[in-house]
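K.L.:
Take this structure first; my questions come after.
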Amino acid sequence: MRRALLLALAVACAGCGGSKHTAVEHPAAPTQGDGYVLHPPAPAPSFTLADQAGRPTGPQQDRGHWTVVTFLYTRCPDVCPLIANQLGAAQRRNQDLRVIAVSVDPAHDTPAARTKFLADHQLGARFRFVSGTRAALRPVWAKYHIAALPGPQGTVSHSSYEILIDPRGRERVLFDAKVTARSVLRAIDSFS
């Protein structure tokens with residue numbers, strides 16, 4: 001049931017904003033969190049935002065590498081740290097993998113807060129946490145079909161999924177919030 005719901009969400013999201021691909025269950029990925037292949041692969045939307053060190057960063061700069069784009073915030077009490085930890089573990093096992101985490105809480109995700117989050121979760125230099133003003137982030141959220149709304153007790157309710165982008169800059173796999181390092185690595189291996 002949950003897989004069907006995620007598949008419907010993936011198809012609905014892929015249909016918005018002019019994307020021309022649909023999601024199909026990854027044949028080599030039988031467990032939850034293993035992702036959905038986006039077929040045919042479509043170009044990943046480009047953007048440029050400042051990472052934790054103030055460097056301009058976007059998926060178009062990572063051409064030639066596998067990249068995951070995700071949406072997190074530093075004060076998240078639950079799912080964001082779990083996603084970050086799984087993506088960090090995948091990076092430790094695949095030196096070619098890049099991660100770009102886009103803030104959904106620009107008011108609190110300062111460069112210092114993002115740097116601390118990355119250090120607290122032992123995420124290396126290939127894990128960039130980008131942010132900007134709400135006005136700069138809104139078009140990025142829209143391109144990736146992300147909802148980010150104020151939640152209870154200072155939290156942010158937001159879409160929690162990750163997109164694996166191939167070295168040619170194409171969206172290949174959509175993962176849900178239960179993404180694992182193993183599922184990311186399996187997806188990369190299946191396309192190699």
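The values are calculated or read from the model by the stated rules, or taken from the named source; none is laboratory data. Treat the numbers as computed from the prediction; the structure is a model and nothing was measured. Cβ placement follows ideal geometry from the backbone for every residue including glycine, while neighbour counts extend to all protein chains displayed.
K.L.:
When you look at Asp78, is it among the charged types (D, E, K, R), out of contact with any strand residue (DSSP E or B) (no Cβ under 6 Å at 6 or more places or on another chain) and under 20 Å from Asp176 (Cβ atoms), yes or no?
P.N.:
Values: among the charged types (D, E, K, R): yes; out of contact with any strand residue (DSSP E or B) (no Cβ under 6 Å at 6 or more places or on another chain): yes; under 20 Å from Asp176 (Cβ atoms): yes.
The answer is yes for Asp78.
K.L.:
Only one of Arg168, Arg186, Arg138 is touching a residue at least 40 places away in the same chain (Cβ under 8 Å), more than 12 Å from Asp34 (Cβ to Cβ) and either assigned to a strand (DSSP E or B) or charged (D, E, K, R) (or both). Can you tell me which?
P.N.:
Details: Arg186 fails: more than 12 Å from Asp34 (Cβ to Cβ); Arg138 fails: touching a residue at least 40 places away in the same chain (Cβ under 8 Å).
After ruling out the rest, the residue left standing is Arg168.
K.L.:
Just checking, which of Ala101, Ala90 is modelled with pLDDT of 95 or more and not in a strand (DSSP E or B)? So that I can check it myself, show each step before the final result.
P.N.:
Values: Ala101 fails: not in a strand (DSSP E or B).
None of the others qualify; the one that does is Ala90.
K.L.:
If I ask for residues that are surrounded by fewer than 20 Cβ atoms within 10 Å (Cβ to Cβ) and at pLDDT below 95, which ones from segment 159-185 would you list?
P.N.:
Hits for segment 159-185 are Ser159, Ala177, Lys178.
K.L.:
Continuing with this model, one more query. Taking Lys178 as the residue in question, decide whether it is over 11 Å from the mean Cα position of the chain (by Cα), part of a loop (DSSP other than H, G, I, E, B) and charged (D, E, K, R).
P.N.:
For Lys178, the condition - over 11 Å from the mean Cα position of the chain (by Cα), part of a loop (DSSP other than H, G, I, E, B) and charged (D, E, K, R) - is met.
K.L.:
From the list Ala125, Ala53, Ala119, Ala84, which one is in a loop (DSSP other than H, G, I, E, B) and either within 24 Å of Arg186 (Cα to Cα) or free of Cβ contacts under 8 Å to residues at least 24 places away in the same chain (or both)? So that I can check it myself, show each step before the final result.
P.N.:
Details: Ala53 fails: either within 24 Å of Arg186 (Cα to Cα) or free of Cβ contacts under 8 Å to residues at least 24 places away in the same chain (or both); Ala119 fails: in a loop (DSSP other than H, G, I, E, B); Ala84 fails: in a loop (DSSP other than H, G, I, E, B).
That would be Ala125, the only listed residue that is in a loop (DSSP other than H, G, I, E, B) and either within 24 Å of Arg186 (Cα to Cα) or free of Cβ contacts under 8 Å to residues at least 24 places away in the same chain (or both).
K.L.:
Can I ask one more? So, in segment 56-81, exactly how many residues are within 14 Å of Ala148 (Cβ to Cβ) and assigned to a strand (DSSP E or B)? Please lay out each step first, then the result.
P.N.:
The initial filter retains those residues of segment 56-81 that are within 14 Å of Ala148 (Cβ to Cβ), namely 70-76, 79-80.
Remaining after also requiring assigned to a strand (DSSP E or B): 70-72.
Result for segment 56-81: 3.
K.L.:
Among the residues of segment 111-159, how many are over 23 Å from Gln61 (Cα atoms), in contact with a helix residue (DSSP H, G or I) (Cβ under 8 Å, 6 or more places away or on another chain) and of a type in the set (Gly, Ala, Ser)?
P.N.:
Matching residues across segment 111-159 total 2.
K.L.:
Answer yes or no as to whether Asp78 is closer than 18 Å to Asp105 by Cα, acidic (Asp, Glu) and at pLDDT 95 or above.
P.N.:
Details: closer than 18 Å to Asp105 by Cα: yes; acidic (Asp, Glu): yes; at pLDDT 95 or above: no.
No: the conditions fail for Asp78.
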